[in-house]
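The structure appears right after this line, and notes come after that.
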Amino acid sequence: MPRLAYALFAPKQEIPAGTYFAVSAMVGILLLAAWCLLAYGGFVRSDFLPTPVAVVEAGVKGLASGSLVTNTAFSMGEIMAGFVLASQLSVPVGIFIGNFKIIEAAIEPVTNFVRYLPVSALIPLLILWVGIGIEEKIAVIFIGTFFQQLILIADVSRGVSQDLLDVSYTLGADRRTVVTRVLIPATMPGVMDTLRVTLGWAWTYLVVAEIVSADKGLGYFIMNSMRGLFTDRIFLGIMVIGLLGLLTDQLFKMLRNWLLPWATSR
């Protein structure tokens with residue numbers, strides 16, 4: 001038993017897959033049990049904490065009416081548009097910032113200034129400039145993720161060992177080959193991890209934008225439910241966002257392992 005405990009709690013040691021999933025399932029069951037205890041035990045009023053059954057019933061009604069599907073699809077479209085656009089620009093620019101000082105000098109000071117601006121404070125300006133349509137939501141997601149991605153990807157790229165590049169030059173590779181065949185492949189595992197993290201931030205920015213100005217989307221769904229004190233629908237909207245986030249996170253893990261077989265699986 002002590003040997004098993006040591007193996008389970010030793011730093012950076014792998015554990016059996018069955019143990020991993022058993023612990024994850026146990027934590028989920030305990031959280032659900034605590035929710036049931038608070039809701040069904042009368043410790044918290046139903047106005048503040050709906051029961052799990054009430055949330056499921058709200059989900060069934062939302063699916064039957066089509067409102068849940070419509071709002072979810074609308075938010076997913078906005079997320080993908082803003083996030084993909086930001087990622088397409090931030091990945092190449094971030095890699096070059098991390099390795100070419102002239103590009104770093106031109107872009108990084110402006111990026112460091114903009115990334116500290118709260119995106120929510122820019123929403124009134126974006127509404128003034130592009131209106132309250134889908135373009136404004138995409139702009140919020142783009143601004144919120146692009147500049148953060150830029151700095152993180154630049155740091156990942158900057159961390160590639162200079163010895164790796166020097167060895168490539170010694171073996172006869174030219175500058176273009178070093179960049180395309182050595183630098184970029186060495187950077188991509190960290191880039192994928194950065195994209196995976198910033199996708200979660202994109203959901204936050206989207207909900208903020210939809211709460212302020214929208215007539216569709218999960219943020220609008222949550223805010224509209226709050227006005228009617230429908231806490232079951234509020235919980236439903238939050239749980240849908242969480243489930244979508246969990247799904248996309250797992251998809252990123254699978255995509256990373258598929259596209260980058262030379263990188264250590266995480």
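The values are calculated or read from the model by the stated rules, or taken from the named source; none is laboratory data. This structure is a prediction, so every number in the text was calculated from the model and none was measured. All Cβ positions, glycine included, derive from the backbone under ideal geometry; neighbour counts span all protein chains shown. Each accessible area value is taken on the protein alone, full model and side chains, heavy atoms only, with ligands, DNA and RNA left out. Shrake-Rupley method; radii C 1.70, N 1.55, O 1.52, S 1.80 Å.
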Cα atoms only, segment 78-189: Rg and Dmax in Å?
17.0, 56
Less than 13 Å from a label point 7 Å out along the Cα-to-Cβ axis of Thr170: which backbone N atoms in segment 84-108 qualify, by residue?
none
Roughly what angle does helix 52-65 make with the longest principal axis of the chain, taking Cα atoms, 0 to 90 degrees, to the nearest 10?
80 degrees
Leaving ligands, DNA and RNA out of it, report the carbon-plus-sulfur percent of the accessible area of segment 68-139 at a 1.4 Å probe.
77 percent
Separation of the Val60 and Ile132 label points, Cα + 7 Å toward Cβ, nm
3.5 nm
Principal axis extents for the chain, Cα atoms only, whole Å, descending order, please.
71, 65, 29
Straight-line reach from Lys101: which aspartates and glutamates have a Cα under 15 Å away, not including same-chain ones fewer than 8 places off?
Asp155
Please list, short to long, the whole-number percent of alpha-carbon pairs of segment 26-91 in consecutive 10 angstrom bins beginning at zero.
18, 26, 27, 22, 8, 0
Go through 174-181, 55-62 and give me the packing order, highest mean Cβ count within 10 Å leading.
55-62, 174-181
If you split all Cα-Cα distances of segment 16-143 into 5 Å bins from zero, what percentages do you get per bin, shortest first?
2, 8, 9, 10, 11, 11, 13, 13, 10, 7, 4, 1, 0
Projected onto their principal axes, the Cα atoms of segment 62-120 stretch, largest extent first, over whole-Å spans of 57, 23, 10
With no solvent and one equal point scatterer placed on each C-alpha of segment 174-247, evaluate the Debye formula and give log10 I(q)/I(0) for q = 0.20, 0.25, 0.28 Å⁻¹, two decimals.
-0.84, -1.08, -1.19
For the chain, with every protein chain kept in place, what is the accessible area per residue (1.4 Å probe, Å²)?
60 Å²
When the convex hull of the Cα atoms of segment 102-160 is projected onto a plane and the area is averaged over all directions, what value comes out in nm²?
4.6 nm²
Work from the charge dipole of the chain (Cβ charges, +1 for Lys and Arg, -1 for Asp and Glu, about the Cα centre) and give the residue of Ile238, Asn224, Leu251 farthest towards its positive end.
Leu251
Using only Cα atoms, tell me the angle between helix 67-99 and the longest principal axis of the chain; keep it within 0 to 90° and round to the nearest 10.
20 degrees
What size of dipole, in debye to the nearest 20, comes out for segment 108-266 about its Cα centre when the only charges are +1 on Lys and Arg C-beta atoms and -1 on Asp and Glu C-beta atoms?
220 debye
By how many degrees, 0 to 90 and rounded to 10, does the Cα axis of helix 184-212 deviate from the longest principal axis of the chain?
30 degrees
What fraction of the Cα pairs in segment 204-266, stated in percent, has a spacing above 19 angstrom?
46 percent
Divide by every residue of the chain the summed helix terms, -39500 (n - 2.57) for each DSSP H run of at least 4, and state the resulting mean residue ellipticity at 222 nm, rounded to the nearest 500 deg cm²/dmol.
-26500 deg cm²/dmol
Which of Gly66, Trp203, Leu260 sits closest to the plus end of the dipole of the chain, meaning its Cα is farthest towards the positive end, when Lys and Arg get +1 and Asp and Glu get -1 on the C-beta?
Leu260
Charges only on Cβ, +1 for Lys and Arg, -1 for Asp and Glu: so what's the dipole of the chain about the Cα centre, in debye to the nearest 20?
360 debye
